[in-house]
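**Student:** My structure is below; once you've seen it, I'll send some questions.
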Amino acid sequence: MKEPVSVETIPPLVRDAFDPDIFRQTAHQMVDMLTDHLQSLVPNNSDAIDPPVSKTLDWDRPQDMIKQWKTDPPAGFAELAQKVMANSIRLHHPNFVGHQISPPAPIAATFSFLVDLLNNGMGIFEMGMAGTAIEQIVIEMLVDKFGLPAETAGGFMTSGGSLANLTAMLAARSIVSDDDVWNRGNQKQYAVLVSSAAHYCMDRAARIMGWGQSGVIQIPVNDQFQMRTDLLESQLEQARQRNIEVLAVVGSACCTATGSYDDLSAIGHFCRRHDLWFHVDGAHGAAVAFSPTHRGLLRGIEMADSITLDFHKMLMTPALASALVFRRNNDSFQTFAQKAEYIWADESDETDDATHYDLAKRTFECTKQMFALKFYAVWQCLGESTLAANIDHLFQLSQHFSDLVNEASDFELAMRPQSNIICFRYTDADPDTNLCQWNETLRRMIVEDGTYYIVQTRLNGKSWLRVTIGNSLTTPLHLAGLLEHIRQLAQHHKKNPTH
Ligand SMILES: *Cc1c(COP(=O)(O)O)cnc(C)c1O
């Protein structure tokens, strides 16, 4: 017989790990360090352009960064935090105008402590009662903003726009196809129609579902990078002739490369005519629903069967915070089941069965974060008018920047921006220079220099520089400074081409 195990006390090391006083002390220290970080990125006064920390990024080669962390690991709590800040890109720096993820409102970050310390799993209702209620309220607000029918619509939050789009496609397949795909797998070659400018995650979604290359039919775009909706009928007809069953059409609102909004109304009517699922990938741009000035860009979104929205792109919220909204909430229960086991009683939101509120039935996540809380905090503490003002300001700055580019003889604008994404390129080069390579070189130099942060994209086979103005701390002076900075780097490179 084995001796019974006796456990008398909590090991001191473990007990200390949970010591509330140590938490109070370290958490205060963290807040102080983060406040210093923020202050170092905001110019001292309104005339100053440069914040105390001049670089958005202290670039290092990946191999060197890994080596540095291995050979010189930080000693202790404060040094770890400082080293992470020193070696991370700084989204609050006014010269950060790169990817679509944007500087979060600091108030939202304070709720990161709360979310992480409570660590509610939220897959089932009792594991996150407040989190589930908040999520429900945020979704109801979106339903209203998008003009979906309040009686039937619903949704949830999930880990990013890409996963939201995949989840929507799974629901669409389950509902639109006549086949028992859940139990028997794909029975036919299915496909989704997207614009050729759609986010790459749509292509991935189709392939993940086992539809292969034929599962995504790309509709060409016009010169504004919007889907040629006049081609939808013929593309559908061609697909049918090839024995492909089209299940859904995805409208981009807006597309990632150029920030162009598809004609959602035209796509919506097409889908209604042909009984197809209408999904709106509004990961970036559906946020304009919060702006009375710009919400017209979403005309037709009220016809959608499902809509993706990222709060971490234009709504001042830390990542990840993505919503997937359904026209008929019941549809979302069929994503991971052939026949929904749980249907809202009489489509009313009154039900005694708490399991109806178990989010894991409808989401990929089993352990699920309180995704809605940080946005809810921004929305409640700062107010909707702050969200609207932020978007309007970003769009104005973007128009201003496109004017600057347009007026400069040594720069070329790809198109007038419809949102806060602008593609442009530097055209001052020797006649035999390949402009694509030249702009790729400049973009590399910009990253390695670190004063500004911008990205690049390819449009119609050509390379362009690309900015997303997602930072309301950026001013026209910083934007003018960006063009000047590019000129200087170009001059430098002409003099020292090997560098
Ligand atoms: C950013 C973006 C995505 C991807 O969203 P993640 O949250 O990064 O997964 C998808 N579609 C569009 C149009 C986007 O702009």
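**Student:** According to the Cα gyration tensor, what semi-axes, each the square root of 5 times an eigenvalue, does the equivalent ellipsoid of the range 77-133 have, listed from largest to smallest in whole Å?
**Tutor:** Each semi-axis is √(5λ); the values are 30, 17, 9 Å.
**Student:** What is the order of V42, V194, V7, fewest Cβ neighbours within 10 Å to most?
**Tutor:** V7, V42, V194
**Student:** Further, regarding this structure: Plugging the Kirkwood radius over Cα pairs into Stokes-Einstein for the range 394-466, at a temperature of 25 °C and a viscosity of 0.890 mPa s, what D comes out in µm²/s?
**Tutor:** The calculation lands on 192 µm²/s.
**Student:** When averaged across all projection directions, what area in nm² does the alpha-carbon convex hull of the range 122-176 cover?
**Tutor:** That works out to 4.6 nm².
**Student:** Still on this structure, please answer the following. Return the subset of K67/K495; K145/K374; K83/K368 for which the Cα-Cα distance in this structure is over 21 Å, preserving the input order.
**Tutor:** Pairs exceeding the cut-off: K67/K495; K83/K368.
**Student:** Can you run phi through the Karplus equation (6.51, -1.76, 1.60; θ = phi - 60°) for the range 413-426 and list ³J(HN,Hα) in whole Hz, with x for Gly and Pro?
**Tutor:** 9, 5, 6, 4, x, 8, 9, 10, 10, 10, 10, 7, 8, 8
**Student:** Around Q238, with a cut-off of 15 angstrom between Cβ atoms, what is the net charge of the other residues, counting Lys and Arg +1 and Asp and Glu -1?
**Tutor:** -1
**Student:** Something else about it: Within 12 Å, Cβ to Cβ, of A168, how many net charges do the neighbouring residues add up to if Lys/Arg are +1 and Asp/Glu are -1?
**Tutor:** 0
**Student:** What ratio of Cα Rg to 2.2 N^0.38 Å holds for the range 64-197?
**Tutor:** In units of the globular-protein estimate, the range 64-197 measures up at 1.52.
**Student:** Taking amide H atoms as placed 1.01 Å from N in the peptide plane, list the residues 5 or more away in sequence, or in a different chain, whose amide H sits under 5 Å from that of Q189.
**Tutor:** It is E245, by chain and number.
**Student:** Counting other C-beta atoms within 10 Å, which of T427, T474, T308 has the fewest, and how do the rest follow?
**Tutor:** Fewest-to-most ranking of T427, T474, T308: T427, T474, T308.
**Student:** Rounded if a/c is under 1.5, else prolate if a/b beats b/c, else oblate: with a ≥ b ≥ c from the C-alpha gyration tensor eigenvalues square-rooted, which is the range 59-105?
**Tutor:** oblate
**Student:** For a quick size check, give me the Cα extents of the chain along its three principal axes, largest first, whole Å.
**Tutor:** 75, 70, 49
**Student:** Percent of alpha carbon pairs in the range 224-267 separated by more than 14 Å?
**Tutor:** 53 percent
**Student:** Amide H to amide H, which residues 5 or more places from L459 or on other chains are under 5 Å from it, using H placed in the peptide plane?
**Tutor:** Under 5 Å from the amide H of L459: W464.
**Student:** Using the Karplus curve 6.51 cos²θ - 1.76 cosθ + 1.60 with θ = phi - 60°, what ³J(HN,Hα) values do you get for each residue of the range 287-301, in whole Hz, with x for Gly and Pro?
**Tutor:** In residue order, the calculated couplings are 4, 5, 4, 7, 10, x, 6, 10, 5, x, 4, 9, 3, x, 5 Hz.
**Student:** To two decimal places, what compactness ratio does the range 248-403 give when its Cα radius of gyration is scaled by 2.2 N^0.38 Å?
**Tutor:** Expressed relative to 2.2 N^0.38 Å, the Cα Rg reads 1.15.
**Student:** If you bin every alpha carbon distance in the range 359-499 into 5 Å steps from zero, what whole percent lands in each bin?
**Tutor:** 2, 8, 16, 18, 15, 10, 9, 8, 6, 4, 2, 1, 0
**Student:** Another question, then. Identify all lysines with a Cα-Cα distance to K462 below 23 Å; exclude those on the same chain that are fewer than 8 residues away in sequence.
**Tutor:** K494
**Student:** Check W277: other-chain or 5+ apart residues with amide H under 5 Å from its amide H, H built from backbone geometry?
**Tutor:** The answer is A248, V249.
**Student:** Continuing with the same structure: How would S409, S174 line up from fewest to most surrounding beta-carbon atoms within 10 angstrom?
**Tutor:** If I rank by nearby Cβ atoms, fewest first, I get S409, S174.
**Student:** Consider all pairwise Cα distances in the range 245-284 and report the whole-number % of them above 15 Å.
**Tutor:** Roughly 38 percent, once rounded to a whole number.
**Student:** Calculate for the chain the 222 nm mean residue ellipticity that helices alone would give, adding -39,500 (n - 2.57) per DSSP H run of length 4 or more and normalising by residue count, nearest 500 deg cm²/dmol.
**Tutor:** -13000 deg cm²/dmol
**Student:** Moving to a separate point now. If you bin the C-alpha pair distances of the range 218-336 every 5 Å from 0, what whole percents do you get?
**Tutor:** The calculated distribution, bin by bin, is 2, 11, 20, 22, 19, 15, 7, 3, 1, 0.
**Student:** Which residue, chosen from L394, L479, H492, occupies the Cα position most advanced towards the positive end of the dipole of the range 385-494, where the dipole is computed from +1 (Lys, Arg) and -1 (Asp, Glu) charges on Cβ about the Cα centre?
**Tutor:** It is L394, whose Cα lies furthest towards the positive end.
**Student:** Next up: Could you go through the range 369-374 in sequence order and give the Karplus-derived ³J(HN,Hα) for each residue, using 6.51 cos²θ - 1.76 cosθ + 1.60 with θ = phi - 60°, rounded to whole Hz, and x for Gly and Pro?
**Tutor:** Karplus-based 3J(HN,Hα) across the range 369-374 equals 6, 6, 5, 7, 4, 5 Hz.
**Student:** Let me ask you something else. Determine one quarter of the surface area of the Cα convex hull of the range 133-255, which equals its mean projected area, and express it in nm² to one decimal.
**Tutor:** The number I arrive at for the range 133-255 is 9.0 nm².
**Student:** What span do the alpha-carbon atoms of the range 394-433 cover on each of the three principal axes, reported in whole Å from largest to smallest?
**Tutor:** So the three principal-axis extents are 37, 14, 11 Å.
**Student:** I need the calculated FRET efficiency for the pair D230 and L435, taking r as the beta carbon distance and R₀ as 35 Å, to the nearest 0.05.
**Tutor:** 0.65
Throughout, read-outs are computed from the coordinates displayed, never taken from laboratory work. Treat the numbers as computed from the prediction; the structure is a model and nothing was measured. For neighbour counting, all protein chains shown are included, and Cβ atoms are generated from backbone atoms with ideal geometry for every residue, glycine included.
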